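In what follows, a structure is listed as structure tokens, so that the remarks can point back to it.
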Amino acid sequence: MENYESKQQQILLPAEAVYAAISRFDNLTPALKERVEEWQADENSCSFKAKGFTVKLRIIDKVSPKYVKITGDDGGVPVDFNFWIQLHPVSERDTRIRLVLHAELNMMMRMMIGGKIKTALDDIVENLARTFNSMGV
């Protein structure tokens, strides 16, 4: 398994508030249903189409307010992976967020997309932090 980590970002909200938003896929419906095709979600699973491919995800573990662990669901993503959204409460209104991906990539895939994965994780965590910080809850 290859390990990829995003940089850490600061969210100026309590960790419990961030966790409440990220620990249920159905909480993401307002933000994602216009950005992907065929978005469907319940508390612990979701599916959508992105660039013509169906993606199915499932939450397999979560600990409040520390992390949510996600994996590809049956028939979804053709790569074995686990994806963590990690939260670290620093103070009452200071939470640090990091994304960690463990993926089973063959040598060819590592060469083709390995470097792009880290950049993508950094972009995603920056967008998450920006979105949460603009909420000002």
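The values are calculated or read from the model by the stated rules, or taken from the named source; none is laboratory data. Nothing here was measured: the structure is a model prediction, and the numbers come from that model. Neighbour counts run over all protein chains shown; Cβ positions are idealised from the backbone, glycine included. Quick note on the areas: whole protein, heavy atoms, side chains included, nothing else; ligands and nucleic acids left out. Shrake-Rupley method; radii C 1.70, N 1.55, O 1.52, S 1.80 Å.
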inquiry  = Filter the stretch 93-123 down to the residues that are in contact (Cβ under 8 Å) with a residue 12 or more places away in the chain, open to solvent by 50 Å² or more (accessible area, probe 1.4 Å) and out of contact with any strand residue (DSSP E or B) (no Cβ under 8 Å at 6 or more places or on another chain) and list them by number.
reply    = 93, 109
request  = Tell me which of these residue 79 doesn't satisfy, since it passes every other one: (1) at pLDDT 90 or above; (2) open to solvent by 30 Å² or more (accessible area, probe 1.4 Å).
outcome  = (1)
ask   = Any idea which of 24, 35 is within 19 Å of residue 97 (Cβ to Cβ), open to solvent by 40 Å² or more (accessible area, probe 1.4 Å), out of contact with any Lys or Arg (no Cβ under 8 Å at 6 or more places or on another chain) and among the basic types (Lys, Arg)?
value = 24
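Here is a yes/no grid of residues against (1) polar (S, T, N, Q); (2) under 20 Å from residue 132 (Cβ atoms):
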residue: 5; (1), (2): no, yes
residue: 12; (1), (2): no, yes
residue: 18; (1), (2): no, yes
residue: 21; (1), (2): no, yes
residue: 32; (1), (2): no, yes
residue: 45; (1), (2): yes, no
residue: 63; (1), (2): no, yes
residue: 73; (1), (2): no, no
request  = State whether the residues of the stretch 44-66 include one that is at pLDDT below 90 and under 12 Å from the mean Cα position of the chain (by Cα).
outcome  = no
key: Only one of 55, 18, 90, 100 that is of a type in the set (Val, Ile, Thr) and outside any strand (DSSP E or B)   = 18
Verdict on residue 87 being within 20 Å of residue 7 (Cα to Cα), open to solvent by less than 20 Å² (accessible area, probe 1.4 Å) and within 15 Å of the chain's Cα centre (by Cα) = yes
